[in-house]
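Everything below concerns the one structure shown next.
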Amino acid sequence: MYSRTTRALALDLLASGLTISAVSTAVSVHRSTIRAWRKEGLELRHPECPTCDTASLDSNAYAALLGFYLGDGAISKARACHVLRVSCDAKYPGIIDDVDGLMRAVRPGRRVFRVPAPGAVVVQSNWVHWPCVFPQDGDGPKHKRSLVLANWQMLNVVVHPGAFLRGLFHSDGCRATNTIHAPGTGKSYSYPRWQFSNRSEDIHAMCQWALDLADVQWTRSNRWMTSVSTITAVARLDGLIGLKT
């Protein structure tokens, strides 16, 4: 008897374009079983809580919301539920709309609120099971504790690395113009680059892993910064995540 997570993993890998044989090898399940699962179909479900095990997750929306949560999100306990909050820069209404839509897609039927804050808009939604959806929730700042993705979360990133990167770079990243001055020539040239800034080494590792999955070249600029700087890599990341609006 295979877990729901294994089935979901197999089906999402099939949806990503892998062959039955490749999926069989990846999840260690016989090809005939993979074929049967493909025929039956199964939406991705998170397995952390028996109560919400029957709740389907929009896997593409979840991958993006996971990135936003790791970047600028937090979960707090209210009287009868938990509150997921994602702080968004007020200068980017498109990102505010994106986060709002992602919360609604991940948990349909739940109300989403926009709370003004100095220079920001906090997008939030109440649900008792947000810690099940984001098991990285814990006490203290993210960079002061260990963060590890669950297997079913890794699946989402493997299948939707671009969505995950959108959440990360649109929360804790920027697209800037870098100018280089050639010594002694008086000449200079400029080029765009993406920079992801975070104090958590674990989150940097997740970002770099997703960039590798998406075939986007990156460098570690300094202790807190992962950069995408080559013309080809910037263009590819632009196409995957879009500009901040």
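The values are calculated or read from the model by the stated rules, or taken from the named source; none is laboratory data. Nothing here was measured: the structure is a model prediction, and the numbers come from that model. Note that we place each Cβ from the backbone using ideal geometry, even for glycine, and neighbour counts take in every protein chain shown. SASA here: full protein model, heavy atoms, side chains in, ligands and nucleic acids out. Shrake-Rupley method; radii C 1.70, N 1.55, O 1.52, S 1.80 Å.
Entry note, the chain: the mean residue ellipticity at 222 nm calculated from DSSP H runs of n ≥ 4, each adding -39500 (n - 2.57), is -13000 deg cm²/dmol after division by the residues and rounding to the nearest 500.
The alpha carbon gyration tensor of the stretch 73-199 gives principal lengths a ≥ b ≥ c with a/c of 1.5 or higher and a/b greater than b/c, which makes the shape prolate.
A straight line joining the Cα centroids of the stretch 108-165 and the stretch 215-236 runs 24 Å.
Of the solvent-accessible surface of the stretch 165-229, computed with a 1.4 Å probe and all protein chains present, 49% belongs to carbon and sulfur.
Mean sequence separation of contacting Cα pairs (under 8 Å, at least six apart), scaled by the length of the chain, corresponds to a relative contact order of 17 percent. Taking Lys and Arg as +1 and Asp and Glu as -1, the other residues whose beta-carbon sits under 14 Å from that of LEU147 total -1.
For the stretch 147-205, the relative contact order works out to 31 percent when only alpha carbon pairs closer than 8 Å and six or more residues apart are counted. A 1.4 Å probe run over the protein chains yields, for the stretch 124-168, 37 Å² of accessible area per residue, whole-number rounding.
If the segment from ALA22 to SER229 were pulled out straight at 0.36 nm per residue, it would be longer than the present Cα-Cα gap by 71.2 nm. In terms of its C-alpha gyration tensor, the stretch 52-105 has an oblate overall shape, because the principal axis ratio a/c (a ≥ b ≥ c, square roots of the eigenvalues) is not below 1.5 and a/b does not outweigh b/c.
Annotation: peptides 107-119, 90-102, 151-163, ranked by per-residue average of other Cβ atoms within 10 Å with the highest first, follow the order 151-163, 90-102, 107-119. Be a star and scan the stretch 63-107 for residues whose amide nitrogen sits under 16 Å from the point 7 Å along the Cα-to-Cβ vector of THR245. Within reach of a label on THR245, which here means backbone N under 16 Å from a point 7 Å along Cα→Cβ, the stretch 63-107 contributes 91-102. What you get for the stretch 91-245, charging only the Cβ of Lys and Arg (+1) and of Asp and Glu (-1), is a dipole of about 320 debye around the Cα centre.
For the chain, the number of Lys pairs with C-alpha atoms closer than 29 Å, counting only pairs eight or more positions apart or on separate chains, is 8. Of the residues THR33, THR179, THR19, the one that moves most in a GNM of the chain with alpha-carbon contacts below 10 Å is THR179. Of all complete DSSP H helices in the chain, not one has a Cα span along the helix axis of 27 Å or greater and a mean Kyte-Doolittle hydropathy of 1.6 or more. On the beta carbon distance between ILE180 and ASP238, with R0 = 25 Å, the FRET formula returns roughly 0.75. Treating r as the C-beta distance of ALA117 and ALA80 and R0 as 35 Å, the FRET efficiency rounds to 0.90.
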